[in-house]
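One structure is given below, encoded as structure tokens.
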Amino acid sequence: MTPPPDIRPATRADIPVLLELIHGLAEYERLTHLVTADARRLEEELFAPQSRAEAVLAFAGGTAVGFAVYFQNFSTFLGRRGLYLEDLFVRLEHRKRGYGRALLLHVARIAHARGCGRFEWMALDWNEPAIRFYKSLGAVEMAEWRLFRVTGDALERLAALE
């Protein structure tokens, strides 16, 4: 049986490994063309005093095997804050050893300890292994909801509308 990973909050010193893992996630999701994160941006967004996002790293034998990034959100229906899992990734060569489960449970425990009313995330529709994994842990798919997004120039135009 594989020993559980050591999971700890990421620090500024971990930025290079976070970037490496982010690129690994982008490759797996076939979205490398969308990655613009760099060391300066991660430092500003994850470690500045006003940061709203957090990251944890999972280590096995001193090697970073995965990460999770999450942030607080809010449910108007519940009238309570929640925790949103932006990304969870385990390197391909370290999968099927319980590391993804350990990361997900770690963040779920943070949500519970903070009194969150919900803990949620999304999965790409083609990622059947992840979907099965999440459902096996009791997660419910919110199939009736659709994500909408504006970025870059579209966000600029939207913000400029009167």
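Under the condition of being hydrophobic (A, V, I, L, M, F, W, C), farther than 19 Å from Met122 by Cβ and out of contact with any strand residue (DSSP E or B) (no Cβ under 9 Å at 6 or more places or on another chain), the residues counted in the stretch 48-77 number 1.
Looking only at strands (runs of 3 or more DSSP E) that lie completely in the stretch 1-115, which have at least 2 residues being farther than 18 Å from Pro129 by Cα and hydrophobic (A, V, I, L, M, F, W, C)? Give the derivation first.
Details: elements: 6-9, 53-60, 63-75, 80-90.
Hits in the stretch 1-115: 53-60, 63-75.
Go through (1) at pLDDT 95 or above; (2) over 18 Å from the mean Cα position of the chain (by Cα); (3) charged (D, E, K, R) for Glu120 and report which single condition fails. Tallying (1) at pLDDT 95 or above; (2) over 18 Å from the mean Cα position of the chain (by Cα); (3) charged (D, E, K, R), Glu120 fails exactly one: (2).
Entry remark, the stretch 8-20: residues being under 18 Å from Leu103 (Cβ atoms) and more than 14 Å from the chain's Cα centre (by Cα) number 5 in total. The set of residues in the stretch 123-136 that are assigned to a loop (DSSP other than H, G, I, E, B) and either surrounded by 15 or more Cβ atoms within 10 Å (Cβ to Cβ) or at pLDDT 95 or above (or both) contains only Ala123.
Taking into account only those residues within the stretch 90-112 that are within 9 Å of Ala58 (Cβ to Cβ) and without any contact (Cβ under 8 Å) to a residue 60 or more places away in the chain, which is farthest from the chain's Cα centre (by Cα)? Don't jump to the end; show me each part of the working.
To start, the set of residues in the stretch 90-112 that are within 9 Å of Ala58 (Cβ to Cβ) comprises 90, 94, 99-100, 102-103, 106.
If we keep only those that are without any contact (Cβ under 8 Å) to a residue 60 or more places away in the chain as well, we get 90, 94, 100.
Numbers: Val90: 11, His94: 17, Gly100: 11 Å.
Across the stretch 90-112, the extreme among qualifying residues is His94.
Tallying residues that are out of contact with any Ser or Thr (no Cβ under 9 Å at 6 or more places or on another chain) and under 17 Å from His94 (Cα atoms) within the stretch 9-37 yields 10.
Here the condition is being out of contact with any strand residue (DSSP E or B) (no Cβ under 6 Å at 6 or more places or on another chain), in a helix (DSSP H, G or I) and more than 24 Å from Glu54 (Cα to Cα); of Ala143, Ala154, it holds for Ala154 alone.
From the list Ala64, Ala13, Ala26, the one residue that fits, being over 21 Å from Phe119 (Cβ atoms), free of Cβ contacts under 8 Å to residues at least 24 places away in the same chain, among the small types (Gly, Ala, Ser) and in contact with a helix residue (DSSP H, G or I) (Cβ under 6 Å, 6 or more places away or on another chain), is Ala26. Give the residues of the stretch 83-140 that are over 16 Å from Ala55 (Cα atoms) and of a type in the set (Val, Ile, Thr), sorted by residue number. The answer is Ile131, Val140.
Filtering the stretch 5-53 to residues that are in contact with a Leu (Cβ under 7 Å, 6 or more places away or on another chain), surrounded by 18 or more Cβ atoms within 10 Å (Cβ to Cβ) and not β-branched (Val, Ile, Thr) leaves Ala10, Asp14, Leu18, Leu42.
The values are calculated or read from the model by the stated rules, or taken from the named source; none is laboratory data. Every value quoted in this text rests on a predicted model; they were computed, and no experiment measured them. Cβ atoms come from the backbone with ideal geometry, glycine included; neighbour counts cover every protein chain shown.
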